[in-house]
1. Name every residue in the stretch A:358-387 that is out of contact with any strand residue (DSSP E or B) (no Cβ under 7 Å at 6 or more places or on another chain), in contact (Cβ under 8 Å) with a residue 40 or more places away in the chain and under 18 Å from residue A:171 (Cα atoms), in order of residue number.
2. Given the options A:172, A:160, name the one that is in the same structural domain as residue A:348 (by TED's automatic domain parsing) and not in a helix (DSSP H, G or I).
3. Failed condition for residue B:278, given (1) in contact with a strand residue (DSSP E or B) (Cβ under 7 Å, 6 or more places away or on another chain); (2) surrounded by fewer than 24 Cβ atoms within 10 Å (Cβ to Cβ); (3) not assigned by TED's automatic domain parsing to the domain that holds residue B:204, with all others met?
4. Which condition breaks for residue B:161 when tested against (1) more than 29 Å from residue B:216 (Cβ to Cβ); (2) out of contact with any helix residue (DSSP H, G or I) (no Cβ under 6 Å at 6 or more places or on another chain)?
5. If residue B:195 satisfies all but one of (1) within 21 Å of residue B:348 (Cα to Cα); (2) touching a strand residue (DSSP E or B) at 6+ places or on another chain (Cβ under 8 Å); (3) free of Cβ contacts under 8 Å to residues at least 12 places away in the same chain, what's the number of the condition it fails?
6. For residue A:135, only one of the following conditions fails: (1) in a loop (DSSP other than H, G, I, E, B); (2) within 14 Å of chain B (Cβ to nearest Cβ); (3) within 21 Å of the chain's Cα centre (by Cα). What is its number?
7. Checking residue B:177 against (1) surrounded by 20 or more Cβ atoms within 10 Å (Cβ to Cβ); (2) within 19 Å of the chain's Cα centre (by Cα); (3) closer than 29 Å to residue B:20 by Cβ: exactly one of these is not met. Which one?
8. Tell me whether the stretch A:18-31 contains one or more residues that are surrounded by 23 or more Cβ atoms within 10 Å (Cβ to Cβ), at pLDDT 95 or above and away from chain B (no Cβ under 14 Å).
C-alpha cells in the first residue's frame, strides 16, 4: 500500500472555553496544523472532520463545509465521520485511505467538539447517544455506569485493582502538569481519587475523563510528497487497524477483554510489522481509569490481569517500560470527543519529533494511538514511526 | 484504480412509519441487500453507514455498530458518515474507496433516517443544523427559505420558470405512482402546486421534498470478486466525484450555478470517460423543485437557463431524452435523509438491471446519481454502467 506520513499538527488548549465557538476552535487548530506543515493551503485536496455530537449540542451538523469555509479551503470535498469517542480517529483513517487509494496526495484531518456551554443533563444525554438507546440509555444507563460494570467484573475475574485504577488517574494528572494544552494541570493523590464524588461504584469523579471543548488537526501527505515538502521530521503511518463490536454492553462476549481493541491491534501490528514490545510510547483511550488498564492488556503491553500492577510499578510512567498517555490522556489533558483521536496523534507526533519539552520521553521513534468509541464498539489504532 | 461494482441492493418502503424504529429499518433494508447479493453475511468486511441526524431525533449516535449488531455482522469495522442530505452518498464513496485502496473486497453500505415521530419544530430544527447555525439558522433561516432565495435569483437571471418548477413536482409524482416503495403515490397537477400551502415564496408545499422514514443499503464488491459471486447483472461504478462549497448561502460565488455540482460532475465524468449526453438516466437531488432544475443544468444535461423548459418539453420524463428521477425523487418517493443517496443508487441499479417493472425505461445501461448536502455545500456524484 502507498505510504502516508503526518507532516503537520495543531491543537487548541483543551478545557472549558466559554468564549470560543466551534468555528474559533477549528480556525485555531486548523491554521496551526497547516502552518506547522509549512504548506500553502491550496495544496490541501480534501478535508475529513471528526465530530461526535455538535448536531445536538450546537445545532450544527455538516461540519465538513463549515470547517473548510472557516479555514478558507475553497470547494474541496469534505466529510464528517462519527463513531462516538473514536470520531476523530475515524476521520484520520478515512484521510489515510484517501491517499493510499491514490485519489489525493495531501489532505487535512480535523476533529472538534464544543460541549461545556450546555447544561449537565444535555451533555449527559448527548454523550449517552453513543450507547444503545433502546436497551441501555432508555433504561437509565450512562457511560460511567456501563464502565463501572466493566470494572466490577474485572475485579471479579482478576482481583481488586482499585488502587491501580487510582494510580492511572494520578499518573495522567502528573503528565498533564507538563502539557501546556492540558485542561487540568493539577496534581492529585490516590487518597483524593478515593474520596472523590462517587459517580458509579467503584468509579469516583477522579476515575472519569473530562468534559472538554477543543480541536486538533493533522496534515497527511503521501510519503513521497512529504519528503519533498516537509522541513520537520517526517512521521510515517506504518500501521492502522479498525475494528468494531456489538453496540450494547450486554451483547458482548466479554467485558474485560475488548474484542475491538484486540482485532484492531492485530491488524495494525501486522501491517506495521512490529510487536507490542517494539512500541516506545502509546496514547491509550482512558475515558475511565479502568478503560486504560484493560486496553493496555488488550494491546499486548501487559499480560491479562497484570495491567493494574504495571501502573503501580511505574511501567507506564514517562520513564517506564512503555510510557502511556504522556499528554495527560482523556483523564487530565481532556476529552474533546471528536478531537480526541487527533489530539492523541498530536502527542505521538510531538514526542517522535522530540518537541514535547518538559514531558519529552527518552527514545520515541515508534508510537501508537488507541481510540475507542462507546463501550469499545469502535476501535481505531494507528502506529507511527519517525523517519 | 481498482474497479468496484454494486452486487446487491435493498430498501424499505419510504414514508411515515410510526411502527418502525431505526433498527427495524436497518434490519429490513440491510437483509434485503445481502440477500439480493446472494452472499453469506460473513463475506462482508466493513460497514459504512450514512445517517444525518438520529443523534438529535432519536438520541442515537454511533450508527455503525448499531447497524452491524442489528444485522449480525460480527466485529467488522464500521463508520458513520455525515454530510447533511448527502450522508448516504458519502458512505457509498467511503465504501468504494476502501475497496479501491485494496483494504477490503466486499463491503456493505447503508443509510437510514427516522424523523417522522418528532414534532414539526424538532424536525425543522434538526434539518436546519445542516446550514450555518451562526449566520443562517440563528437568524431564522430554514432550508425552504434558503432555496426560495435561489429560486427568486434564478427568476431574475434567467426568467420566471414557476410553471416549469411545478412540472418537476407533477412529473416526479407521476413516476412515484409506479414505484411501490414511494411515500406519496398520488397524482398532482400544476394547478395543485400553485394552490399548495405557501412555504417560502415562490415555493409552496408541493415544491418541497417529503419528511420521510426509511433505509437503503447496497453491497459493493471489487469487480473481479463480483464476477465470481454475482448471479445478477453486475453494475460497475465507472465514475465518482465529490466536491464541496462554503456552507453559508451568502458566501457562495453564485446561487444559480452550484460549484460543488459542477466540480463533482467534472471529476466523475472524467473518471468514467463519458459525457453528459452518454447518460441514459439520472437521479438528481430534488429537495425542492428549483434544485432539480439548477442541477440538471450544472450536470451538463441542459444549457444554463434551459433546465425548466426541458421539463415542460418532456425531456426529463420516463420516455424523454434523459429520464430524471424515475423513482419519484425526493419530492414523491421521499427523502429519508441519510438513506437518500443510497435510495438513488437503488433506483439506478434497478433500472440498469431491467428490474424496474412498470416504470422501467428503455435503454438503461449508464446511469448517474447526484446527491447534495445543504445548499450544495456537499455534492457526491456516481456514474454506473451495466456489464
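1. A:358, A:359, A:362
2. A:160
3. Answer for residue B:278: the failing condition is (3).
4. If we test residue B:161 against (1) more than 29 Å from residue B:216 (Cβ to Cβ); (2) out of contact with any helix residue (DSSP H, G or I) (no Cβ under 6 Å at 6 or more places or on another chain), just (2) comes out false.
5. All conditions pass for residue B:195, except number (1).
6. (3)
7. If we test residue B:177 against (1) surrounded by 20 or more Cβ atoms within 10 Å (Cβ to Cβ); (2) within 19 Å of the chain's Cα centre (by Cα); (3) closer than 29 Å to residue B:20 by Cβ, just (1) comes out false.
8. yes
The values are calculated or read from the model by the stated rules, or taken from the named source; none is laboratory data. Predicted model, so just to flag it, every value in this text is computed and none were measured. Every residue, glycine among them, receives a Cβ derived from its backbone with ideal geometry; neighbour counts consider all protein chains shown.
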